[in-house]
Amino acid sequence: EAQVTQNPRYLITVTGKKLTVTCSQNMNHEYMSWYRQDPGLGLRQIYYSMNVEVTDKGDVPEGYKVSRKEKRNFPLILESPSPNQTSLYFCATIIRASGGSSYEQYFGPGTRLTVT
Amino acid sequence: AQSVSQHNHHVILSEAASLELGCNYSYGGTVNLFWYVQYPGQHLQLLLKYFSGDPLVKGIKGFEAEFIKSKFSFNLRKPSVQWSDTAEYFCAVKRGSQGNLIFGKGTKLSVKP
């Protein structure tokens, strides 16, 4: 079964304490992405990766880092979390739609992060 | 900058009412269009998508959407909503061959039983 998994699902932490949210996919997809979802703002892209060792900034990259050392994993790193990073985070992978040149994304279950 | 606009923040309907949620985008080139649904406490699920061809797209759970290129719109419709349709709905646009999806801010739908 095609899956995008995230860990942890819930996390409460304090300002300044480094944390990593993991994302893993079992579909061998090249493209992976991180979003944050905030009330009234929809989903905003943080970082994305087109392939191993290829990452790029999305719309709201400040305060975040990512790495893509292997195809299946795309961790999101908060070196020094702040309260404004309290949010719901989604990892996603993109696949080519069957028979076409277009794509669709599949989302992980989400990680709810609270920074106090 | 390219954007996706969803006109309604919160829509409240009674069961069996008809639904139309608006979505407009500002990109003029080739686009792929999506509607996602997020039920309370869950992650996003793909409801339907448009790549090319027939502009009227049918999705899961009785939803459909119509792509009107001249209006840059991709409105979501359902003729008769159910209480279980209570969720947040997101329109998204993917531009050309790029991998990024741009999301609207979402529309919350509350269906009263």
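A few notes on this one:
- Sequence-distant residues sharing a close amide H with residue B:108 (under 5 Å, placed H): B:10, B:11, B:89
- Percent RCO, i.e. relative contact order, over segment A:1-89, from Cα pairs under 8 Å lying at least 6 residues apart: 32 percent
- Using alpha carbons only: equivalent-ellipsoid semi-axes of the protein assembly as shown, gyration tensor based, whole Å: 29, 21, 15
- Sorting B:27, B:39 by the number of Cβ atoms found within 10 Å of their own Cβ, with the fewest placed first, yields B:39, B:27.
- Size of segment B:1-69 as Cα extents on the principal axes (Å, biggest first): 37, 27, 24
- Centre-to-centre separation between the Cα atoms of segment A:1-59 and those of segment B:58-113: 23 Å.
- Each label was represented as a point 7 Å from its Cα along the Cα-to-Cβ direction; for residue A:69 and residue B:71 these points are 5.2 nm apart.
- Residue order, fewest to most surrounding Cβ atoms within 10 angstrom, among B:83, B:35: B:83, B:35
- Neighbour-count order for B:52, A:49, fewest beta carbons within 10 angstrom listed first: B:52, A:49
- For residue B:30, distant residues with modelled amide H under 5 Å away: B:96
- Between residue B:7 and residue A:27, the simple spin-label model (points 7 angstrom out along Cα→Cβ) gives 3.2 nm.
- Using R0 = 35 Å, the C-beta based FRET efficiency linking residue A:82 and residue B:39 works out to 0.70.
- When the listed pairs A:18/A:71; A:18/A:57; A:71/B:78 are checked against a 31 Å cut-off, the alpha-carbon distance exceeds it for A:71/B:78.
Each value in this text was obtained by applying a stated rule to the coordinates, not by laboratory testing. What you are looking at is a predicted structure, and each value in this text was computed from that prediction instead of being measured. Ideal geometry is used to build each Cβ from the backbone, glycine not excepted, and the neighbour counts take in all protein chains shown.
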